[in-house]
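Any read-out appearing in this document is the output of simple, stated calculations on the displayed coordinates, not a laboratory observation. Since we're looking at a predicted model, the values are computed, not measured. All Cβ positions, glycine included, derive from the backbone under ideal geometry; neighbour counts span all protein chains shown.
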Amino acid sequence: MSLSRRKILVGSGIAASSLAMGNASAQAAAPQPFAPHNWKSVRAQFLLSPRFAHLSNFFFASNPAPVRDAITKYRKAFDENPYSFLDDNMFQLDEDKLWPDVCAAAAEYVGGKPEEIALTSSTTMGLALIYNGLRLKPGEEVLTTTHEFYPHHESIRLAVEKWGGSMRKIPLYESSLNFSAEEAIARICAAVRPNTRVVGVTWVHSGTGVRLPIAELAAALKSLNRHRDESNRILLVVDGVHGFGVVDEDVAKMGCDFFSAGTHKWILGPRGTGIIWAKAENWELLQPTIPSLMAKETTDAWRQDRPPVGPTHAAWISPGGFFAYEHQWATIEAFRFHRQIGRTRVQDRIAELNSQIKEGLARMKHVTLHTPLDPALSAGFVCFDVKGYKPMDVVKIFRDHRVIASGTPYAVPHVRLSAGIVNFPKDIDMALRVVRSLA
Ligand SMILES: Cc1ncc(COP(=O)(O)O)c(C=O)c1O
């Protein structure tokens with residue numbers, strides 16, 4: 001008997017999972033219906049401990065109920081009959097395959113097409129697959145910034161070492177607090193050299209909280225590209241993880257060439273999930289790194305003992321081996337959750353709460369704020385220092401007062417608070433009280 005999605009009512013949210021659990025347990029759980037326009041109801045979808053003010057949720061998502069329910073449902077089916085459940089939903093009839101539904105949900109969120117999405121396990125994996133796959137010619141350069149996080153710099157370093165290219169890092173600002181988008185774009189454009197083939201940037205800097213205007217940067221690079229051949233076009237690669245699920249912008253319309261983001265941070269999806277988005281003509285530029293189980297042509301070619309006939313598609317880049325599919329497939333529910341609440345409302349709520357943090361800190365003389373006050377130049381992070389304290393000591397003090405903060409893991413560390421849709425103004429009041437007490 002087929003264990004396809006039709007049989008297990010996949011994708012119909014809490015109601016379906018209640019059915020799958022049986023009437024008795026569904027009644028015992030008696031979940032309140034989700035009211036997406038009510039922030040209390042949004043918060044009630046999470047199991048976050050009420051003992052703490054969770055101001056570091058960007059790091060690794062707590063999953064909302066529909067995501068947890070979908071994971072549980074798929075996990076149960078795997079545990080009951082792993083062979084048939086995987087075979088039916090991954091390798092048999094196209095209409096029963098679940099990964100294309102994940103691509104479709106991601107595509108809807110980014111304002112693109114399902115065939116533009118590759119499924120990864122993290123931002124890091126996506127960046128590595130992009131840079132390792134770009135067939136750089138010896139002597140070609142990747143221009144990046146000093147503000148990237150480790151996985152971006154390291155993906156570039158490993159790739160240029162392999163391809164015989166080089167990397168160069170430039171600062172986009174001296175003072176993150178006084179960040180100027182125009183200046184940052186001008187600095188990048190001025191730094192481009194004839195051998196610059198790729199520009200690699202991060203949408204929202206996790207070390208300072210600065211948000212780059214990707215669409216404007218893409219437009220500026222497009223102007224530079226007018227003087228170049230297609231084969232020498234400057235490609236824009238974006239580590240988008242801290243804008244994805246925060247900023248109300250269609251990624252597919254920003255004008256970048258490759259966009260990598262984990263869906264286990266602000267998208268609130270299952271842990272160990274992520275996507276790469278790119279247009280069809282850009283996927284053609286990549287050489288796959290990891291054998292895919294989603295690409296018919298590459299597996300057919302292997303069986304027929306011939307090289308695959310290109311061009312490369314997104315599915316060729318989605319890595320195989322078996323994944324934690326209960327997580328990968330439940331990502332659909334995370335995108336649905338965002339859609340139910342509304343991308344604009346999510347953005348505005350995150351901006352409002354983080355502005356409350358910034359404005360509170362800006363009034364404290366013993367605090368140095370590093371994140372721009374303007375919500376258009378920042379997103380869900382607030383980075384700062386407290387006079388006389390090491391950042392990690394402040395994080396410990398926060399923890400002692402039941403506030404979950406983080407330290408930025410960069411060469412120059414700062415204290416970091418980050419409010420998301422699970423928070424309320426009272427969480428921020430709690431955090432500000434702690435900082436005030438350190439004067
Ligand atoms: C800017 C940035 N990029 C990438 C990552 C790594 O993300 P992932 O765990 O999805 O690989 C982080 C981690 O928080 C980050 O801050």
Look at D393 and say whether it is at negative phi, without any contact (Cβ under 8 Å) to a residue 40 or more places away in the chain and part of a strand (DSSP E or B). no
Would you point out the residue of the range 240-259, among those that are of a type in the set (D, E, K, R) and under 13 Å from R211 (Cβ atoms), that is farthest from the ligand (Cβ to nearest atom)? D248
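Being small (G, A, S), part of a loop (DSSP other than H, G, I, E, B) and under 22 Å from V241 (Cβ atoms) is true for just one of G321, G380, G388. Which residue is that?
Among G321, G380, G388, only G380 is small (G, A, S), part of a loop (DSSP other than H, G, I, E, B) and under 22 Å from V241 (Cβ atoms).
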Quick check on my filter: what residues within the range 354-377 are under 23 Å from the mean Cα position of the chain (by Cα), among the polar types (S, T, N, Q) and not in a helix (DSSP H, G or I)? T371
Considering only residues that are small (G, A, S) and crowded, with 23+ Cβ neighbours inside 10 Å, look in the range 195-224 and name the one that is nearest to the chain's Cα centre (by Cα). S206
